[in-house]
Amino acid sequence: MTTRPQAFKGIHHVTAITSSSEKIYDFYTNILGMRLVKKNVNQDDLSTYHLYFGDDKGAAGSAMTFFDFKGIPAHVKGTNDISRSSFRVPSNEALEYWVKRFDHYDVKHGDIIEHFGKKILTFEDFDKQQYALISDEGNKGIGTGEPWLKGPVPNEYGTTGLGPIFLRVGQLQLMDQILTQIMGMTKTATEDNFHLYEMGEGGNGASVIVEFDDKLPTSRQGYGGVHHVAFRVEDRAHLDAWADFFDELGLPNSGFVERFYFKSVYIRMYPNILFELATDGPGFIDDEESYEILGETLTLPPHLRDKRDYIETQLPDFDTIRSNKVFEKEYLK
């Protein structure tokens with residue numbers, strides 16, 4: 001009998017699509033106060049940026065990343081979709097700060113509500129990409145990172161890592177089987193049409209929230225939507241065990257993929273929804289960039305460095321240098 005490998009540790013990263021790399025850089029840097037930790041190229045499409053925003057050091061479990069595919073239409077919201085990403089903040093008080101911050105910067109947002117016993121605040125960016133902030137107050141489970149210490153958001157209110165990923169599906173039983181029987185998650189709660197699943201140690205950084213809706217049309221991928229979500233595995237051995245497990249079950253998958261900053265396997269078991277497994281290391285501090293200058297120049301994994309001249313012709317440059325700037329902490333009245 002096939003034995004399922006050790007559980008995933010939590011959410012590793014979320015990759016979404018933006019209409020503008022320059023505008024998403026401005027939104028994440030100056031409004032969300034998250035650090036650009038890698039200014040990279042999409043390794044499968046050399047005409048497309050891949051930007052990674054994270055905590056102060058780009059720790060596993062903190063990265064929200066973006067592609068800027070040229071000519072792609074807007075995302076069409078619907079069912080069978082990765083519908084919302086979220087970020088952890090330290091406290092309920094932090095959410096009150098973010099209401100003021102979003103009002104100050106004219107960011108569209110909802111009211112603070114309670115969801116599965118946690119306070120959350122929904123909001124969206126200029127592409128209508130859907131997000132939430134979730135309070136870690138009273139949270140138990142996997143730990144989190146640290147805010148961007150030199151960014152504009154006061155450290156006590158800053159985002160520290162990824163929170164639950166939201167899926168909207170029209171086939172709840174199928175997604176439940178995928179998450180529990182194959183992916184090894186545990187269903188821990190239900191509220192109305194929302195179902196909470198947790199992995200590993202559980203908590204905000206290791207949760208998937210599935211919304212059941214079989215009335216909406218099927219979503220269509222585009223800018224303002226999520227491309228895929230990745231789950232954390234410890235190392236290459238842990239990753240290979242999961243790839244072997246998928247193979248034994250006869251589930252088509254990418255097999256091992258070397259991304260240099262982490263190692264990956266991709267699998268699609270449900271229509272429109274792509275999952276990735278990614279190792280915690282080695283991370284974004286590497287031979288090209290030290291901690292002090294993360295995200296300030298176009299960096300490339302070793303197998304693409306001989307193509308730098310060509311890649312630079314495909315990616316319009318924009319200024320991401322921050323080590324020579326001082327961001328004043330913005331305490332808003």
- Item | Tally, over the stretch 298-333, of residues that are surrounded by fewer than 13 Cβ atoms within 10 Å (Cβ to Cβ) and assigned to a loop (DSSP other than H, G, I, E, B) | 11
- Note on the structure: Counting only residues that are in contact with a helix residue (DSSP H, G or I) (Cβ under 6 Å, 6 or more places away or on another chain), assigned to a strand (DSSP E or B) and of a type outside the set (S, T, N, Q), the stretch 271-290 contains a total of 1
- Among the candidates Leu274, Leu332, Leu304, Leu251, single out the residue that is under 30 Å from Pro217 (Cβ atoms) and over 23 Å from the mean Cα position of the chain (by Cα). Leu251
- Query: So which residues in the stretch 239-265 are part of a strand (DSSP E or B) and under 23 Å from Thr299 (Cα atoms)?
  - Reply: Val257, Glu258, Lys263, Ser264, Val265
- Task: Consider only pairs whose beta carbons are under 7 Å apart and that are at least six residues apart or on different chains; among these, list those whose first residue lies in the stretch 125-147 and is over 17 Å from Tyr97 (Cα atoms) and whose second residue is in a loop (DSSP other than H, G, I, E, B) and of a type in the set (S, T, N, Q).
- Result: Asp127/Thr18; Asp127/Ser19; Thr144/Thr160; Gly145/Ser62; Gly145/Thr160; Glu146/Thr160
- Query: Which residue, of Lys215, Lys150, Lys187, Lys140, is part of a strand (DSSP E or B) and either of a type outside the set (Ser, Thr, Tyr) or crowded, with 23+ Cβ neighbours inside 10 Å (or both)?
  - Reply: Lys187
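Every residue, every condition in (1) closer than 21 Å to Tyr49 by Cα; (2) surrounded by 16 or more Cβ atoms within 10 Å (Cβ to Cβ); (3) hydroxyl-bearing (Ser, Thr, Tyr), yes or no:
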{"position": "Ile209", "(1), (2), (3)": "no, yes, no"}
{"position": "Gly224", "(1), (2), (3)": "yes, yes, no"}
{"position": "His228", "(1), (2), (3)": "yes, yes, no"}
{"position": "Ala243", "(1), (2), (3)": "no, yes, no"}
{"position": "Phe246", "(1), (2), (3)": "no, yes, no"}
{"position": "Leu249", "(1), (2), (3)": "no, no, no"}
{"position": "Ile267", "(1), (2), (3)": "no, yes, no"}
{"position": "Pro271", "(1), (2), (3)": "no, no, no"}
- Can you name the residue in the stretch 21-50 that is free of Cβ contacts under 8 Å to residues at least 60 places away in the same chain and closer than 24 Å to Trp98 by Cα and, of all such residues, is surrounded by the fewest Cβ atoms within 10 Å (Cβ to Cβ)? Asp26
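One line per residue, one yes/no per condition, for (1) in contact with a strand residue (DSSP E or B) (Cβ under 6 Å, 6 or more places away or on another chain); (2) modelled with pLDDT of 95 or more; (3) charged (D, E, K, R); (4) within 30 Å of Asp176 (Cα to Cα):
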site	(1), (2), (3), (4)
Tyr266	yes, yes, no, yes
Phe275	yes, yes, no, yes
Gly281	no, yes, no, yes
Asp286	no, no, yes, no
Ser290	no, yes, no, no
Leu298	yes, yes, no, no
Pro302	no, yes, no, no
- Task: Tell me the strands (runs of 3 or more DSSP E) entirely within the stretch 39-131 that contain at least 1 residues that are over 24 Å from Leu304 (Cβ atoms), in contact with a strand residue (DSSP E or B) (Cβ under 8 Å, 6 or more places away or on another chain) and among the polar types (S, T, N, Q).
- Result: 81-89, 118-124
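What is the residue count in the stretch 218-238 for residues that are part of a helix (DSSP H, G or I) and not small (Gly, Ala, Ser)?
2
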- Query: Quick one: is Phe123 within 19 Å of the chain's Cα centre (by Cα), among the aromatic types (Phe, Trp, Tyr) and modelled with pLDDT of 95 or more?
  - Reply: yes
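Tell me yes or no: at least one residue of the stretch 244-251 is at pLDDT 95 or above, charged (D, E, K, R) and in contact with a helix residue (DSSP H, G or I) (Cβ under 7 Å, 6 or more places away or on another chain).
Among the residues of the stretch 244-251, not one is at pLDDT 95 or above, charged (D, E, K, R) and in contact with a helix residue (DSSP H, G or I) (Cβ under 7 Å, 6 or more places away or on another chain), which makes the answer no.
The values are calculated or read from the model by the stated rules, or taken from the named source; none is laboratory data. These figures come from a predicted structure and were not determined experimentally. Using ideal geometry, Cβ is built from the backbone for each residue, glycine included, and neighbour counts are taken over all protein chains shown.
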